């Protein structure tokens, strides 16, 4: 119904990504009149519930968004991973990504891009334009390509990210952190939107995710103090979306999306504790210092969130499971995972266990976890090794969900229904809007 508004020419595209904002939450509060600017937007475009990725974390989701590919092709499987052949852990960055991003494709085609704060864009890759990296960078002088942009951002008082450590210690100070980070991000966004030439422009708002992690339960329970401050923050985000809409007018496409949904945490679950209690994970000493203390009798272990690795001979340094017994080991681990319950109420913790080949396809699949445990909502899976309890409630009160990310495209009809699309569909969709070729090895499909 909106296609008559589009001329037959390549369009400029603006993307505002709002990390961790659930579709159902936005729909509910649009209907309640809480977000008038986004309500106005939805009246002139398509709004859908979208699927995320498994496991459901931002580094994987945004990597799939920017490449159009599943993790086995882009090589980002989590916030932490193992160095092959060792138990040493590292934080994956853009340097570990083995796929080209859409802004690199645009740059090669002569399009000018501006990208700010999208997860897994640090260290910044070279583009035709400006790329400002993400929270993986701790020094603002090194955050951007070209390098002088980091100095500009520092002069503006730009804040890379809200400090989550403050959230664990002082909620009031963390509110100030999130609001300050949002204000500085929005200031920089509108500065570059006006000052820089661009064909593609994206600003990523990470602060929504940070707020959700520390205040989601307060919002759901209508806490007398923090529910109001939560909605004050979201109403500021709503105002920003309305301002973006007004500033770009009809001169560009507008996409708003998130990478996953959210729900209240019932309990953080220490999956390695459960594996140890089941006799499937042992250590040479107690407490273990790291995975290097894994006992050869172990069948498997877990990395955050719910990624389970078989202690496979020839792959793991202490590996003792022969390749011929790999499938039997996965079946034994799967049965154990599905049997884990919350000791307080006997509720099952794991909803589903996925074999890696069921969702991953690509040259890097052997780097993936052998199994991905998907929890029931409310059970946040952790990879701690030293915990002596099955789980607990902490300062984190919100966790990610798979089925409830959102996608809005202004003046377009999205050619898929709710949950018939995933975050990886955006890369080919954006390329199609800009009349650029879509690589054949993309897993996503254009939805306009």
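The values are calculated or read from the model by the stated rules, or taken from the named source; none is laboratory data. These numbers come from a predicted model, not from an experiment. Positions of Cβ are generated from backbone atoms using ideal geometry, with glycine treated the same way; all protein chains shown enter the neighbour counts.
Any idea which of 323, 305, 288, 296 is closer than 24 Å to residue 62 by Cβ and outside the structural domain of residue 412 (by TED's automatic domain parsing)? The match here is 305.
Where residues in region 243-269 are farther than 16 Å from residue 398 by Cα and within 21 Å of the chain's Cα centre (by Cα), which of them is surrounded by the most Cβ atoms within 10 Å (Cβ to Cβ)? Break it down stepwise before answering.
Taking region 243-269 and keeping what is farther than 16 Å from residue 398 by Cα, we get 243-257.
Subset that is within 21 Å of the chain's Cα centre (by Cα): 254-257.
Details: 254: 22, 255: 22, 256: 25, 257: 20.
Checked region 243-269; the qualifying residue surrounded by the most Cβ atoms within 10 Å (Cβ to Cβ) is 256.
Restricting the search to helices (runs of 4 or more DSSP H) fully inside region 132-211 and requiring at least 1 residues that are closer than 29 Å to residue 110 by Cα gives 148-156, 171-195.
Filtering region 172-200 down to residues that are within 15 Å of residue 239 (Cβ to Cβ) and within 21 Å of the chain's Cα centre (by Cα), which residue is surrounded by the fewest Cβ atoms within 10 Å (Cβ to Cβ)? For region 172-200, the residue satisfying everything is 179. Of all positions in region 221-239, none carries a residue that is at pLDDT 95 or above, in the same structural domain as residue 66 (by TED's automatic domain parsing), assigned to a helix (DSSP H, G or I) and in contact with a strand residue (DSSP E or B) (Cβ under 6 Å, 6 or more places away or on another chain).
Do we have residue 141 as without any contact (Cβ under 8 Å) to a residue 40 or more places away in the chain, surrounded by fewer than 20 Cβ atoms within 10 Å (Cβ to Cβ) and touching a strand residue (DSSP E or B) at 6+ places or on another chain (Cβ under 9 Å) here? It is false that residue 141 is without any contact (Cβ under 8 Å) to a residue 40 or more places away in the chain, surrounded by fewer than 20 Cβ atoms within 10 Å (Cβ to Cβ) and touching a strand residue (DSSP E or B) at 6+ places or on another chain (Cβ under 9 Å).
Taken over region 432-441, the residue count meeting the criterion of being surrounded by 18 or more Cβ atoms within 10 Å (Cβ to Cβ) and closer than 17 Å to residue 251 by Cα is 2. Flag: residue 130 matches the condition of being at pLDDT 95 or above, in contact with a helix residue (DSSP H, G or I) (Cβ under 6 Å, 6 or more places away or on another chain) and more than 30 Å from residue 292 (Cα to Cα).
I'd like to check something: does region 105-123 contain any residue that is in contact with a strand residue (DSSP E or B) (Cβ under 8 Å, 6 or more places away or on another chain), surrounded by 17 or more Cβ atoms within 10 Å (Cβ to Cβ) and assigned to a helix (DSSP H, G or I)?
Start the filter on region 105-123 by keeping residues that are in contact with a strand residue (DSSP E or B) (Cβ under 8 Å, 6 or more places away or on another chain), which leaves 106-107, 111-119, 121.
The next check asks that each one be surrounded by 17 or more Cβ atoms within 10 Å (Cβ to Cβ); those that pass are 106-107, 111-119, 121.
Then drop every residue that is not assigned to a helix (DSSP H, G or I), which leaves 106-107.
Yes, that holds for at least one residue.
The set of residues from region 345-360 being in contact (Cβ under 8 Å) with a residue 12 or more places away in the chain and surrounded by fewer than 17 Cβ atoms within 10 Å (Cβ to Cβ) comprises 347, 348, 351, 352, 355, 359.
For region 94-124, which positions are more than 17 Å from the chain's Cα centre (by Cα) and without any contact (Cβ under 8 Å) to a residue 24 or more places away in the chain? Passing the criteria: 104, 107, 108, 110.
Among the candidates 91, 127, which residue alone is touching a residue at least 24 places away in the same chain (Cβ under 8 Å), outside the structural domain of residue 385 (by TED's automatic domain parsing) and closer than 30 Å to residue 296 by Cβ?
Details: 127 fails: closer than 30 Å to residue 296 by Cβ.
After applying the criteria, what remains is 91.
A single member of 18, 30, 60 is in contact (Cβ under 8 Å) with a residue 40 or more places away in the chain and within 25 Å of residue 185 (Cβ to Cβ), and it is 18. Taken over region 87-104, the criterion of being surrounded by fewer than 17 Cβ atoms within 10 Å (Cβ to Cβ) and in contact with a strand residue (DSSP E or B) (Cβ under 9 Å, 6 or more places away or on another chain) is satisfied by 87, 88, 89, 90, 91.
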